[in-house]
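Derivation of every value follows stated rules applied to the coordinates shown; laboratory data play no part. Keep in mind it's a predicted model, so treat the numbers as computed, not measured. Every residue, glycine among them, receives a Cβ derived from its backbone with ideal geometry; neighbour counts consider all protein chains shown.
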Amino acid sequence: MKSYRLLLILNICCLLIINSSCQDKKPVEQVESPYPAVKIIQHNTPFFYDFAADIQGIENVEVRARVRGYLEKILVDEGQKITQGTVMFQIEDKEFLEQISKAKANVSQAQSSAAAAKVEVNRLRPLVEQDIISKTELEAADAQYAAALSKIQEAKAALNNAQINYSYTKIKAPVTGFIDRIPYKEGSLISESTLLTTVSNVSNVYAYFNVSEKAYLEYTRRNADLPDSIKEKRNKVDLILADGNKYAHTGVIETIEGQFNKETGAIGVRARFPNPDTLLRSNTSGRIRIYREQDDALLLPLKSTFEIQDKIFVYVLNEKDSTVQVRNIIPKRRVSYFYIVESGIKEGEHIIYEGAQNLTDSAKINYYNISMDSLIEAAPWE
């Protein structure tokens, strides 16, 4: 009986082992996906420099009071567009009208005194000719007449000054443009030279920006000994607005300052832009974009690179044995989705375009080629 039970247990164990082995699946062999590779080429490549810019109207004129008095009327509003010569502010003018009246009276009095002195001269002259009185009396009368004439000129000058001061009570727009903030209200006491507002002429605007000494030297050398027509074309620049959009009108570089800033090592440059729609206002900001082109630039896709301790690397493909080697490259500048390479790779070499994070040095891989021309065509260049 015991032997029968032992035999039964052994049979059951064998069945379990066989069943378990039948259910085991054979491991599936993992097939490595191929990596995309791209051939390095030289290509005439456009690029640009961006510089922070400060925008100003071609005329930003401070409007200041020229006489003391109470601000009687404000005839304009902040932000209003105004034409040159329009009255903006009225200072109380009663005091100035009284000064004019007083000055006119002084002119009349001086003219009367001069007329009386002339009569006296005319009366004495024949008496001197007849030797009735001495010549010195006529000379004294002539001197009094000359003094009276001088008094007339003095009184007229005072009248003219009073009229000028009266004209200053009406403060007019010095240029056509937009009115800035008006800090004073009607009834305020205004002193001479008080700043009432600023008027900005923004029919054209200036964009001021600073460039490094290196950029300045490059710009100067490129423009040396060129005809004016070519210089004007090369001096054209774009303005990128604060919202990232390009301004509709092209500007042109007009002037460069006379010396570099010792602290920053930069020099100031001024570009001029038309502003027919008055979209741009004084004290706005933006970026000046200067376009350049490098002939036969060696292009490397950014996607193919990776960084280790601030150094940039790529995997270079050896087509003979399908292995990859890691290599350090030195970029000259970044343009769109590419580096323009200064050193580290050569034209005609293949590099791994994507998936470098999964590779190791000297690894053997499967790969397929993609076209660099297609990458260049798909890239945004602005």
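Just need the relative contact order of segment 246-354 here, percent rounded to a whole number, with Cα pairs under 8 Å and 6+ apart.
Numbers: 137 pairs, mean separation 21.2, N = 109.
Relative contact order of segment 246-354: 19 percent.
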Practice task
Could you tell me which helices of the chain pass both thresholds, a Cα extent of 18 Å or more along their own axis and a mean Kyte-Doolittle hydropathy of at least 0.0, with helices taken as whole DSSP H runs?
Solution key: 2-23
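Relative contact order for the chain: what is it in percent, counting Cα pairs under 8 Å that are at least 6 residues apart?
Values: 697 pairs, mean separation 101.8, N = 382.
Dividing the mean separation by the residue count of the chain yields 27 percent.
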Exercise for the section: Give the long-range amide H neighbours of Lys172: residues separated by 5 or more places, or on another chain, with amide H under 5 Å away, using H modelled in the peptide plane at 1.01 Å from N. Expected result: Met88
Problem - Pairwise FRET efficiency - Trp381 versus Glu92, Cβ, R0 = 56 Å, nearest 0.05 - result: 0.35
Problem - Relative contact order %, segment 94-167, counting alpha carbon pairs below 8 Å whose residues are six or more apart - result: 53 percent
Problem - GNM flexibility winner over the chain from Leu138, Leu299, Leu97 (Cα, springs under 10 Å) - result: Leu138
Problem - In order through segment 174-181: 3J(HN,Hα) via Karplus (6.51 cos²θ - 1.76 cosθ + 1.60), integer Hz, x for Gly, Pro - result: x, 9, 7, x, 9, 8, 7, 4
Completion exercise
In nanometres, the difference between 0.36 nm per residue of separation and the alpha-carbon distance of Thr305 and Ala140 is 48.9 nm
Completion exercise
With -39,500 (n - 2.57) per DSSP H segment of 4 or more residues and division by the full residue count of the chain, the 222 nm estimate, nearest 500 deg cm²/dmol, is -10500 deg cm²/dmol
Handout entry: Gyration tensor (alpha-carbon) shape descriptor, the chain, a/c threshold 1.5
Key = prolate
Fill in the blank from the handout: Among trypsin sites (Lys or Arg not before Pro) in segment 141-199, those in a DSSP loop whose Cβ has at most 14 other Cβ atoms within 10 Å are Arg181, Lys185
Practice task
Report the extension gain between Asn161 and Lys73 in nm, rounded to one decimal, defined as 0.36 nm multiplied by the number of residues separating them, less their alpha carbon distance.
Solution key: 29.3 nm
Exercise for the section: Report the calculated FRET efficiency for Ala215 and Glu62 (r = Cβ-Cβ distance, R0 = 45 Å), to the nearest 0.05. Expected result: 0.85
